[in-house]
Amino acid sequence: MHEFTYVAPSSVEEIVQFLAQHREKARPFCGGTDILVQMRSGVRRPSYLLDVKTAPETRLFEFDPAKGLRIGAAVPCADVSADPAVRRYYPGLAEAANLIGSVQIRNRASLGGNLANASPAADTVPALIALGAKAVLRSVQGQREVPVEGFVTAPGRTILNADEVITEFVIPPPQRGGADAYLRFVPRNEMDIAVAGVGVFVKMEGQRCVEARIVLGAVGPTQIVASEAMAYLRGRTLNEGVVSHAAELAAQAASPIDDVRGTREFRRHLVAVLTRRSLLAAAKRAQANQS
Amino acid sequence: MGSHTTESSFRVIGTRPIRHDGVEKVTGRAKYGADYYVAGMLHGKVLRSPHAHARIKSIDFSRALALPGVKAVVTGKDLPEGENKTVPLGEMTVNPRYLGQNILARDKVLYYGHAVAAVAAISPHIAEQALELIEVDYEVLPPVLSVEQAMAEGAPILHPDLRNEELGDVPTNVAKHVVLTRGDVEAGFREAHFIVEREFRTSMVHQGYIEPHNALAIYNADGKATIYCSTQGPFEVRGMSAAVLGLPVGSIKVVPAEIGGGFGGKTTVYLEPLALLLAMKTGQPVKMVMTRSEVLRATGPTSGSLIRVKMGCTKEGKITAAKIWMAYEAGAFPGSPVGAATMTVLAPYAIPNVQIDGYDVVVNKPKTAAYRAPGATNAAFAAETVIDELAELCGIDPLDIRILNGAREGTPHPAGPPYRRIGFIETCEAIKASEHYRSNLEGPNRGRGVASGFWFNAGMQSAAVVNIHLDGTASVVTGSPDIGGTRAACAMIAAEVLGLNVEDVRPVVTDTDSIGHTDVTGGSRVTFATGMAVFRAAEDALAQLKERAAKLWECKVEEVEFRDGKFYCKTNNATPLSVSELAKRLPRLGGPVTGRATVNARGVGPSFATCCIDVEVDPETGRVQILRCTVAQDAGRAIHPAYVEGQMQGGTAQGIGWALNEEYIYDSDGHLMNSTLLDYRMPTCPDLPMIETIIVEVPNPGHPLGVRGVGEVSIVPPPAAIANAVYRAVGVRMTELPMSPARLWKAIAQKESTRSGLGRAQHG
Ligand SMILES: Cc1cc2nc3c(=O)[nH]c(=O)nc-3n(C[C@H](O)[C@H](O)[C@H](O)COP(=O)(O)OP(=O)(O)OC[C@H]3O[C@@H](n4cnc5c(N)ncnc54)[C@H](O)[C@@H]3O)c2cc1C
């Protein structure tokens, strides 16, 4: 690994000042569970590693039933998945955060890092998109709030400018009759990267689905929003047949590749299996949330 | 055999004391290879081939050498060419030319990751930077990536000088063809009522030791060298490094560090001669440590294989004939374990008519190294699946077909003399009687499978010294690196013989100058052979102590008796003395007592294991979850039962990994695509159930304590047991390892589609 300088800023202001000055030469990092691995293998060679988690604003964690959830970009996944409000109101996000790596990895890995690393297989990203989450970005120019959907533009690429840092995520308040779920497929029980992942959100009125969001991971260059499947579900009763058809539509929306983790054919098939299973899980939760 | 070896009188053997090396390991104080630092130490790094097969046209390292901080660069030209013949090394053999070419490529690179050059610099960063400045001009050649490709007519040839006896003077990729025959297979098949014939494939898999290879070499101006490294065989490191570098064996001392796993993969050399070569060139100590990716690309693995099995049996399940064809990937240089595969594949059974053909085939992949029961697991996957199918055809219990055909005392071993007393049948009976096997397995997509395995175990040379200290404690010194709890076993054997508390015996693993030649920690031989040396060395110490007591008591040595930890005089009524009481008097009774013994151990007792595994398959994803697993293994005598169980569990865990997810994945150019532990998927704790163990003890008549080796055989049955369980769960016979989700899903989907296809045909 090449030599680099570690910087521990004490505020977001310091981070953005440093980034404005050093731009691409400096990389913000949090858990280091992606970037340190990439630096060791020589893929990335930043001169400065800027530790976002030493800035207290990035560790914020607030839930308000009326306003929703705010999670600092540096909050470790272990805290996200253990949080009672997240488990109660956003169980799909808790599921996704709880799948990353192992206990040791989850104690370091952050939502900000998971998103900014821009891997098609990132587990929390489909869950965040399904929930309609937004990311708050800061630079010396100021602050902007952008949807997580569309944040990743290609593997390893995002809309983030070289002088910007993600400070927090804002997730809309829970809705009556609404619930999310996230499922992924991996060959092992932990320490694995999704061969396919599916995050869903559904809103139910009785047996009828009034809104559905389906987001696919690891089966395209970026997360894929399965709009046809979503449109098909709107207004329908979620029985086995309807859910299976939606799952087929989602599988068609996938554009997987062959690699060491899975074949195109297997991945497309997995999307259908996971979509069906996660829709059923979310629908069950949503029904319980109607009262 | 002394009186203290009858079962009832064991005091220490068979108990479960805390291991002597435990405290240092759990407190992080144990010193592993990468923990060594010496003044003025340089850091070495290796440049590796980006191609699977290429000719090296030229190497220009002038820019690397010019980088400030770089002290030396070496290439294959810096190594003597070495003789192209097998030379004995202890009980092993090596080909110095091939060994040297694997350490640093000479004219050709033969696999992705093959070492091409090495650099020594004042820091690891600079050494890495220097690698980027070395320019290698390659002529890329077509890679040979499977045994079929390698054996095909007109295949690209890896070694233009490689010949095999059968073909004569023709270039080939087949280094060896071994044949084992007995009886008349065709006649045997005519007697058969059922015949099953299948083809099996397995991929290369890695030993997966957590600690990467490392070496620190020091070369002094007087021509004497010291190497610190993580190894299973310090004497092999010494011999091989001397052979590769053309140095006298006695000029090298090897100090084995604490070892973070080996499983057979640390019985050869990679970095040790390189670090020494760089140390010789610079005059400074050189330390080298591999990355995980280097470990996976360029060390270990064991062979991938292609195996065809044809087996027939009577209606009652008596196997009448077996014909087996197997080709094993040796990797870039000859030397796959196919010989062992031919000898182990049917070893648990008495089969009258047998023909086995084995081929050792070079391919453009890393040179294979030993891996726990080398060759046996691939072979058992094939044979034990076919036996399961025969049992099904006959309608008999899969354990019963094994018992019916099982080898016993007097059964001729496929490759040698009749077995002495063995415990194969007992392992089957133990599983049959287990609560696990008798329990019901309920629920959809669940199945139970069994399989068995054999391993020879090894004897070979060991030396041991037992020092009696003046306070009555003792140390046991051996040259066998401890990879499985053997320090505890050695201390227990000495404590048993000397009537000491096991805590008062300190086991020490020492360097190559401080003990007699001791062969590698491998072949499950340490508790057997080194244990035998320790047993005799302790007896030697005891005999000397008796002489001292006789001197004290002014009686004849025959009149001194040792019983229950005390010396008695049979002829006068002198007060009996314990070892510690006698030890205190040693300075005035002729000085210290040191017992010693060396063995070239005979009387090896083979091990058998039988395993029962329950699985649940998700038919929609092809994912297999192991629900329950029980393994029964014949240990001969379990010196330390907890470490015997640990070996049984460890081997089973590796077998499960091999069965389900572990494999080397190559692209069509021969690049290894999964050289990280994220994508080379070994099982994690949540992937394994608590592995239940049943130790069977059928004492080995060839050992004073009845010991057989226990370190290897448990890896052999799991892949076949899982394949058989998967068959019972979802009705498909898996003939390729690993049975990864994508493969199993496809097999299930194919079965479903042929079934529905058949259904349509019937309707139409
Ligand atoms: C063994 C192992 C297992 C893993 N398993 C999984 C898994 O199951 N699922 C999964 O999705 N991932 C997995 N990962 C990947 C990784 O853990 C996750 O992507 C994690 O969420 C990254 O977070 P981090 O804080 O460690 O990121 P870092 O490594 O600190 O950063 C990652 C990237 O994001 C950028 N970045 C970080 N924080 C910010 C910020 N606040 N603003 C702007 N840019 C930022 C960095 O510059 C860098 O490019 C695994 C990794 C390992 C090593």
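The values are calculated or read from the model by the stated rules, or taken from the named source; none is laboratory data. Keep in mind it's a predicted model, so treat the numbers as computed, not measured. Please note: Cβ atoms are built from the backbone with ideal geometry, for glycine as well, and neighbour counts cover all protein chains shown. Protein only, heavy atoms only, side chains kept; ligands, DNA and RNA dropped before computing areas. Shrake-Rupley method; radii C 1.70, N 1.55, O 1.52, S 1.80 Å.
Any idea how many residues of the stretch B:277-304 are open to solvent by 10 Å² or more (accessible area, probe 1.4 Å), farther than 15 Å from residue B:119 by Cα and away from chain A (no Cβ under 14 Å)?
Final tally of qualifying residues: 0.
Of these, A:143, A:104, which one is surrounded by fewer than 24 Cβ atoms within 10 Å (Cβ to Cβ) and either more than 9 Å from the ligand (Cβ to nearest atom) or closer than 23 Å to residue A:68 by Cβ (or both)? Quick ask: steps written out before the conclusion?
Working: A:104 fails: either more than 9 Å from the ligand (Cβ to nearest atom) or closer than 23 Å to residue A:68 by Cβ (or both).
A:143 is the lone residue from the list that is surrounded by fewer than 24 Cβ atoms within 10 Å (Cβ to Cβ) and either more than 9 Å from the ligand (Cβ to nearest atom) or closer than 23 Å to residue A:68 by Cβ (or both).
(1) in contact (Cβ under 8 Å) with a residue 24 or more places away in the chain; (2) within 14 Å of the chain's Cα centre (by Cα); (3) away from the ligand (no atom under 14 Å from the Cβ): which one isn't true of residue A:150, the others all being true?
Checking residue A:150 against (1) in contact (Cβ under 8 Å) with a residue 24 or more places away in the chain; (2) within 14 Å of the chain's Cα centre (by Cα); (3) away from the ligand (no atom under 14 Å from the Cβ), the one that fails is (1).
Check residue A:113 against each of (1) surrounded by 20 or more Cβ atoms within 10 Å (Cβ to Cβ); (2) more than 11 Å from the ligand (Cβ to nearest atom); (3) closer than 13 Å to residue A:169 by Cβ; (4) not acidic (Asp, Glu) and name the one condition it does not meet.
Here residue A:113 meets the rest and fails (2).
Quick one: is residue A:74 in contact with a Pro (Cβ under 6 Å, 6 or more places away or on another chain), within 12 Å of the ligand (Cβ to nearest atom) and either at pLDDT 95 or above or at negative phi (or both)?
The answer is no for residue A:74.
Collect the residues in the stretch B:645-665 that are more than 10 Å from chain A (Cβ to nearest Cβ) and open to solvent by 10 Å² or more (accessible area, probe 1.4 Å), keeping them in residue-number order.
B:645, B:646, B:647, B:649, B:650, B:653, B:654, B:664
Report, by residue number, each residue of the stretch B:66-88 that is assigned to a helix (DSSP H, G or I) and open to solvent by less than 80 Å² (accessible area, probe 1.4 Å).
B:66, B:76, B:78
Within the stretch B:258-276, identify whether any single residue is open to solvent by 10 Å² or more (accessible area, probe 1.4 Å), without any contact (Cβ under 8 Å) to a residue 24 or more places away in the chain and away from chain A (no Cβ under 14 Å), and answer yes or no.
Among the residues of the stretch B:258-276, not one is open to solvent by 10 Å² or more (accessible area, probe 1.4 Å), without any contact (Cβ under 8 Å) to a residue 24 or more places away in the chain and away from chain A (no Cβ under 14 Å), which makes the answer no.
Only one of these conditions is not met by residue A:26: (1) more than 14 Å from every other protein chain (Cβ to nearest Cβ); (2) among the aliphatic types (A, V, I, L, M); (3) away from the ligand (no atom under 13 Å from the Cβ). Which number is it?
With (1) more than 14 Å from every other protein chain (Cβ to nearest Cβ); (2) among the aliphatic types (A, V, I, L, M); (3) away from the ligand (no atom under 13 Å from the Cβ) applied to residue A:26, the lone miss is (3).
If only one of A:59, A:88, A:70 is over 18 Å from residue A:122 (Cβ atoms) and free of Cβ contacts under 8 Å to residues at least 12 places away in the same chain, which one is it? Talk me through it step by step, then tell me what you get.
Details: A:59 fails: free of Cβ contacts under 8 Å to residues at least 12 places away in the same chain; A:70 fails: free of Cβ contacts under 8 Å to residues at least 12 places away in the same chain.
None of the others qualify; the one that does is A:88.
Yes or no: the stretch A:226-242 includes at least one residue that is surrounded by 21 or more Cβ atoms within 10 Å (Cβ to Cβ) and within 22 Å of residue B:618 (Cα to Cα). Let's see the steps before the verdict.
We begin by selecting, within the stretch A:226-242, every residue surrounded by 21 or more Cβ atoms within 10 Å (Cβ to Cβ); these are A:226, A:229-230, A:233, A:238.
Of the ones still in play, those that are also within 22 Å of residue B:618 (Cα to Cα) are none.
No; the residues of the stretch A:226-242 include none that is surrounded by 21 or more Cβ atoms within 10 Å (Cβ to Cβ) and within 22 Å of residue B:618 (Cα to Cα).
Looking at the structure I just gave you, is residue B:97 assigned to a helix (DSSP H, G or I), without any contact (Cβ under 8 Å) to a residue 24 or more places away in the chain and among the basic types (Lys, Arg)?
Yes, satisfied.
Among the residues of the stretch B:5-55, write down those that are surrounded by fewer than 16 Cβ atoms within 10 Å (Cβ to Cβ) and in a helix (DSSP H, G or I).
Passing the criteria: B:7, B:8, B:9, B:22, B:23, B:24, B:25, B:26, B:35.
Tell me the residue from B:603, B:590, B:636 that is more than 14 Å from chain A (Cβ to nearest Cβ) and in contact with an Asp or Glu (Cβ under 7 Å, 6 or more places away or on another chain), please.
B:636
Say whether the condition of being within 10 Å of the ligand (Cβ to nearest atom), of a type in the set (Val, Ile, Thr), open to solvent by less than 10 Å² (accessible area, probe 1.4 Å) and outside the structural domain of residue A:100 (by TED's automatic domain parsing) is met by at least one residue in the stretch A:163-175.
no
Check residue A:4 against each of (1) open to solvent by less than 30 Å² (accessible area, probe 1.4 Å); (2) within 15 Å of the ligand (Cβ to nearest atom); (3) closer than 22 Å to residue A:109 by Cβ and name the one condition it does not meet.
All conditions pass for residue A:4, except number (1).
Across the stretch B:675-713, what is the total count of residues that are in contact (Cβ under 8 Å) with a residue 40 or more places away in the chain and either in a loop (DSSP other than H, G, I, E, B) or within 14 Å of another protein chain (Cβ to nearest Cβ) (or both)?
25
Take the conditions within 14 Å of chain B (Cβ to nearest Cβ) and over 30 Å from residue B:667 (Cα atoms) and apply them to residue A:277. Does it pass?
yes
Could you tell me whether the stretch B:691-704 includes any residue that is within 16 Å of the ligand (Cβ to nearest atom), among the charged types (D, E, K, R) and under 30 Å from residue B:638 (Cα atoms)?
Checking the stretch B:691-704: not a single residue is within 16 Å of the ligand (Cβ to nearest atom), among the charged types (D, E, K, R) and under 30 Å from residue B:638 (Cα atoms).
Given the criteria open to solvent by less than 10 Å² (accessible area, probe 1.4 Å), closer than 21 Å to residue A:146 by Cα, in contact with a strand residue (DSSP E or B) (Cβ under 7 Å, 6 or more places away or on another chain) and in contact (Cβ under 8 Å) with a residue 60 or more places away in the chain, does residue A:52 qualify?
When the stated conditions are applied, residue A:52 does not pass them.
Can you pull out the residues in the stretch B:529-575 that are acidic (Asp, Glu) and over 25 Å from residue B:501 (Cβ atoms)?
The answer is B:554, B:558, B:559.
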